[in-house]
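Chemist: Handing you a structure now.
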Amino acid sequence: MNSLKRSLFPAVPQGGGIPPAAQWGNEFRAGSKHFLEAVQNAEVIFRKLYKTSAQGMNSPTRTDTSPDGAFDILLNFIDGLSRWIEWEKHAGQ
């Protein structure tokens, strides 16, 4: 944050008052603190969402949904075929 503060014109303005760096320094610090807190809170929320979704996906009581169209049927067939191929690879070893 110091580099941003230093980049503002440090001299006292001709009309008087405090220099811009002194005027905005506290606001920059507060803004960066709030931004950091918001990012950390978002990370916590995303971790909770991922944990919840993983528990739902791995739940033994989860029920499958039926395919809605030809594309879904094709994807399910490809998924089943790839699982069968993997099973055969491991069974043959």
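Values in this text are rule-based calculations from the coordinates and carry no lab data. All values reported here derive from a predicted model rather than from experimental measurement. Please note: Cβ atoms are built from the backbone with ideal geometry, for glycine as well, and neighbour counts cover all protein chains shown.
Chemist: From the phi angles alone, apply the Karplus equation (6.51, -1.76, 1.60; θ = phi - 60°) to the stretch 37-50 and give each ³J(HN,Hα) in whole Hz, x where the residue is Gly or Pro.
Modeler: 5, 5, 5, 5, 5, 5, 4, 5, 5, 5, 4, 5, 5, 5
Chemist: Ranking request for peptides 51-61, 25-35, 76-86: highest mean number of other beta-carbon atoms within 10 Å first, then the rest in descending order.
Modeler: Top of the packing list down: 25-35, 76-86, 51-61.
Chemist: Separate question: Pulled fully out, how much extra length does the chain show between residue 90 and residue 70, if you take 0.36 nm times their separation in residues and subtract their Cα-Cα distance?
Modeler: Values: separation 20, 0.36 × 20 = 7.20 nm, distance 3.03 nm.
In short, 4.2 nm is gained.
Chemist: Taking θ as phi - 60°, what are the ³J(HN,Hα) couplings along the stretch 77-85 by the Karplus curve (6.51, -1.76, 1.60), each to the nearest whole Hz, with x for Gly and Pro?
Modeler: Coupling constants for the stretch 77-85: 5, 4, 4, x, 5, 5, 5, 5, 5 Hz.
Chemist: I would also like to ask the following. Determine which residues of the stretch 50-73 fall in the zone a paramagnetic label at residue 83 would reach in this model, i.e. backbone nitrogen under 12 Å from the point 7 Å along Cα→Cβ.
Modeler: 64-65, by backbone N distance to the label point.
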